[in-house]
Each structure stands twice: as structure tokens, then as C-alpha cells.
């Protein structure tokens, strides 16, 4: 009975964190899908989102779940500006340039935060951090859902759903998908592709920042927190296929489950190693991702 | 005097100057250490240049080879008192084995995908080194056993001066290897692949083999440099030696800044970056946590924005602008 | 160089000339910018601490402790045997990376004329720095506990606290005694520790002591220092059904662990391994959750209030153990300087090795005095068990030194 409970608990944990990974990774996939740029600096926007939410909490007492919206808005704007100034010039440049621009951006953002905010860890104190919902309680053990992770998951669902709605049901979403499919044709149809790129990048980094904010109750913020999520994000996106937003969702949940289950069998330090190996293997043998959808 | 001969004479003169330079410095002092690190990174940049510049494979995981070399020679030294010269060679062999292993899944990958895969590989090594504490010492790091009197066979010296000459010799050797590859048949094939891989395949170039050889040579060199580093610093830990920022990207940055694909590129890049970093660290002290890395990031971004389509020979173009002979666009091999 | 023809050669000339100039200029400029010149007679003492990064708080606390003592010395007329020479602290940030710490130490050795170095709180950083100071013959005083620090046959390293394995063993033994006192028998314990030198050495002591006592260690997990999600650890803890948990953590991980334990409804006694568990930030971060958390500590401020209260007056919080131990180191150094009468690292080393330090700040350590044996260890140091009670840390074990009654919720 205890083994069954452990399995169920591990699955629940995996799905909860996986949902959040999904939302964090959607942005990365979106950026690649629309602009064909791999944004190596993407995880830093997660850090930015976390910090914005933390400041909102620290100075104004705003709960991170609400602060996430502020993080989304601010980061969206930052993203748009960055796209126009930094990304646009390299859209058609050789890949070397594209890779190193975003790598450079990664260092600039992470260390810029380090210089501005110091390297101290910052965490929030919320009431639900130390509470959990008990689903089942038997002699063999409990089955429970930590509240902070649950809220993060629900918020992630919300934002994922909103993005899906935007992309599939609104005019702008359609325009964006058209731009991703064929920029030339889109332009011929009268779509302002430059603006689409800006919005795509803004949305991409904004959703990641949103994800960063909602996990603040259970992850501590620091300028280097991005580096812990880089592997996760990229694995999720590659599993689902670079460029596929739906794929990123599936990939995210898979990464959450893999991480959760590998904690059962492996020492904590090696948890990410499993992901690295899977990542390389997927890249090698099925770069279009396991969710073999037509690239957007 | 032909251009070739004058360049060669210049190179010799340069080596002689570099060889004489440290004699005027305190052999236990700080300046000579900066010079050593500069030479080390120039060599590392040149090793990266072989894959990044000649073969056009953007590797973000070269630190894996560096770390393999450093750990192998140090662990063998600790366990068996094996000379780092020998340990370094074993390290080279292991690095080549890793390069071969890595080439299997990454053979068909290009551009972003290749960069991602190499990044993951480097990070995987770091995680392994951090958790395999019984062998590597884990996050605590590993020290080279102390020999107060030093010995050439054990590659340990009471002052840093002999290390300097080792680094200088290494740089000369790496540059020679780079030159030989670039101007030889392999370089020719790599250039063909860079221009158009499919066309190269069609005319009979074994693209996989060419890229593989370049990768293995680069790996081996990087690994031996790792050993030299271990015997210079006497202490290192996984986060530093396998670090993306501290090693992998820095190597690439140095090659790119100075001119990727050119022999002089990494030399110029290192001569600029390393002293700048040290000055920044000395000057700003504790308030500068992250300043040098921020600077790398900012410089990378600026360099690329200045000339997105031609990352090669940025310095060359700037100096061409200022020399009297005018700004003819440099498309030559040198 | 004679007139050379061709753009290539000219460019090459400019490039290599530029290279030479760049590196030459840099090499020349570096010392000028780096030198921190001070009065001729001042005695330079190096202080290398993590002032940034996850251990910044501890580094700052340590620096404050040293600063307090240095200011007192200077206010009382400096080093009398050296004509009243003042102490000048040369403070550098080691960052949290061992290689960086070693580089910082190198820089300090080359540029500042320090007679001794105090550093670097975290064992892994101290190990890295000691490689440098040993090769330069400069004495290093430290309160880092890893056994490795004084296990390498180095002559210039002085460790003022008990070693990690001793501390770990004491943690276990004291806990067992306290449990028995409350009528509980320990049968199953859990150990979780951060994986750098500090955590590893202490957990080794815990493990050995448990094995000696025949107690089962139902969970024994290392975790990476920068861990941000401790749920796998706490899940495991829950499944292991341990009666007492011994976490060895720095600050961030300690907060995460206690919170996660509460979230999962675990309220078994928690006995921390010093560091993160016994600084004010722990209480600030957890509020009431911090109450009754026990921890081992190499030193406690309620043992020597005449001295330690001065820290509270100056800095506004109680004298944390790392500040206390570093202050004791500074006290020993002061005596060594007075006796040696010269700012020579070798002479200082001699004094540190041979003298007994039982005056001034050296007395705040257990035993009221400090000595260093051939390995550089202090035989008088002995760990104490402290507990959070009403926002303060109270010594609860051993009995002779206890200042308060323990609250045990087994």
C-alpha cells in the first residue's frame, strides 16, 4: 500500500511541477517557432519575473500569485524593447551571431541582476507555503497536495490556457501563426511581421516571467536561479519539438514526471543528469521532438 | 620579403619578446600570473578556434575536455603519484574518447542544436564531477599534493616562472597545429563544408570524418591545457573547471572577439579580455561580484550588434580602417 | 621593423603591436591599481570572507566580529610591543566559489603585505585559500570545521573550533542524552546535509556516532548547496519514518527544509548542524517555526556575555557563533603579535603554534583558552547544544554549561 501511495504521490508532485515547467517553456518554444531563434537567455526572464514578484511582495505585500500579472506585464514590455533593439538586427544573421548574442544576453542579465540586487537569496513568506491539502490519509501514509505547488499549477494552467486562446482564437494569434509559417506570405497578406515578432518575443519572455513569479512561494529567488531551469526548459521544449507550443506543454509535464520519479531512485545531485542524457538523446535521434507535430 | 616570410619573422619576434618579458617581473608576483592566464586562454581560444572557426561547429561545452584533462592528471597524481606529463596524456586520450562519444549523437546536428547538445554535455560532466565525490572530491574541489621543492617531472615549481614557459610553449604548439590544419588538406575540406556541406559531400568530402578529426584534435589540446592549469593553480572545483561561463563561453568569446577563424584571433582576444578582467577585479574588489561576466555579456552583445553578419576579424576591420593602406575587406585566409 | 609591403603585413604589425601594448600596459597597470598603501607602521591582517553569494550573511557576520576586536585593539593603543602599531584589516570578498577564493587569496598575497589571514567561513573556501597561504608561508586562522583543513600536514593553518567529525559526533551524543532525559529512546534517525566540505565532514561524524551506538540511520542524503526545491528530500524524510532529523545546512536550505517539514506535517525534533540554523536570519525567516529548533554550535554567546554583548551593542543583533569564533581568532593573533613584537609571518606562526592564549577575546571559546596542537587544532574546543527559545539562542547541553532547560518534543 505504501508503494502505491508513494507512486501516486510522486505522480501528483510530478504533474504539479510539470505544469509549471510547461508554462515556463512555452515561451521558449513560441520564440523559436515564430522567429527561429533559440533564446539561450530565456531562463533569465524567469529570474526577472521572480524578482519583480518578490519586490511586489516585499514592498507592497502583494501575493506572488497576483504579482505574477505585474511580472507578466513588465517583462512583456521589456521583451518587446529587447526584440526591437537586440534581436531584430540578428534575425537573418548567421547562426554563430544568433547563438552568441543570446548567450551574451544571458550573462549580461544574470550578472546585471547580481550587481543590482546582490547575490543573496530572497524568499517570500506566505500562509499557504506551509500548508497542504490532504487527499487521503491512511495508516500507511498520506496523499497530499502542497498548496503552494497547487496554486502555481493552477496559475500555470490559467496562463497556458490564455495563451492557447490567444494563438488559436484571436486575429492577432492567427497573424502570429501565419508569420511563423511563412513570413513572406504573411507580409504579403498585410501582416506587420515586425510587430508580430515584437509581440511574440514579449509574450514568450512574459509567460516565462509569469511562471517564475508563481513558483516564488516554493523556490527562492536569486540572480542565479535561472541556470537551474535552463536544462529543464530546454529539455521540455526539445521533447515536445522546438517551435511547438502544445509540444512544450507535453514536454513540460514529462520533465516534471521524470524529475519526480528520478528523485525516487537517484541521489538528489544526479536528478538533473537524467534530464541531460534524455536531452542529448532526443536531440540526436529525434530533433523534431517526441510530439511529432508539423512545425508551426 | 614576401608576406609569408615577414609574418613568420614577426611571429618569431613575438615569441622571443614573450619569452623575455617575464624575466623583468617578480616570479612570485601577481603580474606574471596574469600573463600565464592570458597565455592559457589564448591557447584555449585557439583550440576552440579549430572547431568553431575552421569547422564552424559552435561548441558551448568545451569545458568538458578542459575538466577531463585537469581531473585525470590530478586524480592519477594523487592516487599513484603519476607524473602529470603522463597523466596529461591519459587525460588527452580520455578527452578524445569523450569527443568521439559525443560525436555520435551530434554528428548530424548543426548550429543551435549542436550548441545546445554541447552545452548539455559540458553541464553533464559538471554534475557528474560534483556528485562523484569519492573520485573527484565533489563540490569541495580537488588539490594537487604539495611539493615544497618542486620538480620538472612532477610539473610543480616553487615559482610560477617555469609555468609561464610551459604555457608559452603550449601556445606556440597550438598555434602551429592550428596553422597546419588551416593551410592543409583538412582545412581545405573544412572550408568546403563550411561553405556548403551538401556540395562538399557530393564532391566526395567525408564530412563526418573531417569534423570528427577537428573535434578530437581540439579536445586533446584542451585537455592537456587542463593539466597545465591544474599544475598552475593547484586547486579547482567542478563549478569552475566545467563552468559554462568560466571556461566554455570565455574560450569562444576570446576567439570571436579577436576574429574567429584567424590565427591571431584568440591571441588578440585573450590579450584584451584577461588583463581587463583582472584589472576590473582588482580595482573593484568585492563590489564587483559578477562585473567581469556582465562585461563579457555586454561586450558579446555589442560586438555582434556592431557587425551581425561578419563576426570574423572585427579587430582586423577596425585596424584596417585606421591603417594607411586602406580598408580593403579582408577575405584572405590569414 | 623595416618597411613592409602589403596590407596583410601592415595589419599584422598593428595587431601584434597592439597585443604587446595591451598586455604590457595591463601588466604594468595592475599593481598600481591594486596596491592598497597604508601607513608604514600599520600591521596588515587579511580577512577573506564570502561577502556575496549564498553565504554572504555569514561572511558579513564574521567580518563584523573581527572588526569589533580590531577596533578595540586600535582604541587601546594598537600593538604595544610594536610601538602602538594599529591593526589594518585588508578585507576581500572570496565570493562563494572556491577557485575565485583562491584567486582572491593569490591577489592578496602578492599585493598586500599581510602578516596573517582570517577566513573564510565556509570549509570549501578555506580549503582553497589554505593552498595559497601555505605555499606563501602566511598563517591562516579559521573557524571552518572540515577535518580536511588540518589533515594535510600543513604548518600554517590554525583551526580554532572542534573538527567537523567531532561536532557531528557531539550532535548525535548530546541529542541522545537529551532524548533519554525526556524519556525517549532513539532508534531511527535521518541525516541530510549539503554536499560541500562542511556538510560532508559533519555528517561523517554523525554517521560514525550513530553506528557506534547501534542506531539505525534510516535516511542519509546529500543535497547540492544551491538547492531550491527540497520536496524530494522531505518526501524521503517522511517515508523514512525517522524520529529525529539532523539537517546540516547553510541558511537558504535551512529555511526551505523547516518550511517543507511543516508543510508535510512533520514535527519531529530537528537538530541542526550549526551555520544556517543559528543566525538571526533563521528566526527572521521562519518566525514561530524556528522555536524549539535545536542545533549544535561550536561556541555560544551566552557563555561569555561580558565580551559578546559588546557585539550586540555595536551591531544590533546577538553575537553569532562565526563572529564569536573569528573574534577569538583575532584575539589570539593579537596576543601573538604582542609576544612576537614583529610583523613577520614566520614569527607569528611560531607564536601561534607554541603559546597558550588565555587572555582577552581568546577566552570566549569553550575552556576559556585556546591552544594549537601540531596539526593546528584546538584541543580545548568543545561543541555546545543550543536551542531557540523566545528569539534567543540558549545553551541547553552539556549540563555544566547549560543556561536554560531544553524543550523536547519527541
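Observations on the model:
- Qualifying positions in region B:253-287 - under 19 Å from residue A:110 (Cα atoms) and in contact (Cβ under 8 Å) with a residue 12 or more places away in the chain: B:253, B:277, B:280
- Qualifying residue in region B:30-40 (condition: surrounded by fewer than 22 Cβ atoms within 10 Å (Cβ to Cβ), out of contact with any helix residue (DSSP H, G or I) (no Cβ under 7 Å at 6 or more places or on another chain), in contact (Cβ under 8 Å) with a residue 24 or more places away in the chain and within 14 Å of chain C (Cβ to nearest Cβ)): no
- In the condition set (1) touching a residue at least 24 places away in the same chain (Cβ under 8 Å); (2) in a helix (DSSP H, G or I); (3) facing chain B (nearest Cβ under 7 Å), residue A:97 is compliant with all but (1).
- Filtering region C:310-326 to residues that are within 22 Å of residue C:400 (Cβ to Cβ) and in a helix (DSSP H, G or I) leaves C:321, C:324, C:325.
- Out of C:201, C:297, C:254, sole residue that is away from chain A (no Cβ under 12 Å), under 30 Å from residue A:223 (Cβ atoms) and at pLDDT 85 or above: C:201
- Selection count where residues are in contact (Cβ under 8 Å) with a residue 40 or more places away in the chain and surrounded by fewer than 18 Cβ atoms within 10 Å (Cβ to Cβ), scope region B:4-28: 4
- The condition (being over 30 Å from residue A:287 (Cα atoms), more than 14 Å from chain B (Cβ to nearest Cβ), without any contact (Cβ under 8 Å) to a residue 40 or more places away in the chain and crowded, with 18+ Cβ neighbours inside 10 Å) is satisfied by just one residue among A:68, A:56: A:56.
- Residue count, region B:107-123 (criterion: crowded, with 23+ Cβ neighbours inside 10 Å and either over 18 Å from residue B:72 (Cβ atoms) or at the interface with chain A (Cβ under 7 Å from one of its Cβ atoms) (or both)): 9
- Those residues of region B:94-111 which are in contact (Cβ under 8 Å) with a residue 12 or more places away in the chain and part of a helix (DSSP H, G or I), in sequence order: B:94, B:95, B:96, B:98, B:99, B:100, B:102, B:103, B:105, B:106, B:111
- Among the residues listed as A:225, A:237, the single one being within 13 Å of chain C (Cβ to nearest Cβ), in contact (Cβ under 8 Å) with a residue 12 or more places away in the chain, over 9 Å from the mean Cα position of the chain (by Cα) and over 19 Å from residue A:146 (Cβ atoms): A:225
- Residue within region B:183-197 that is closer than 30 Å to residue B:81 by Cβ, assigned to a helix (DSSP H, G or I) and either modelled with pLDDT under 95 or out of contact with any strand residue (DSSP E or B) (no Cβ under 9 Å at 6 or more places or on another chain) (or both) present: no
- Within region A:241-255, if we keep just the residues that are modelled with pLDDT under 85 and in a helix (DSSP H, G or I), the residue that is surrounded by the fewest Cβ atoms within 10 Å (Cβ to Cβ) turns out to be A:246.
- When residue C:267 is tested against (1) within 14 Å of another protein chain (Cβ to nearest Cβ); (2) over 28 Å from residue A:21 (Cα atoms); (3) under 27 Å from the mean Cα position of the chain (by Cα); (4) part of a loop (DSSP other than H, G, I, E, B), exactly one condition is not met: (3).
- Summed over region C:395-410, the residues that are within 24 Å of the chain's Cα centre (by Cα) and part of a helix (DSSP H, G or I) give a count of 1.
- Flag for residue A:260 being surrounded by fewer than 21 Cβ atoms within 10 Å (Cβ to Cβ) and not in a loop (DSSP other than H, G, I, E, B): no
The values are calculated or read from the model by the stated rules, or taken from the named source; none is laboratory data. These figures come from a predicted structure and were not determined experimentally. Cβ atoms come from the backbone with ideal geometry, glycine included; neighbour counts cover every protein chain shown.
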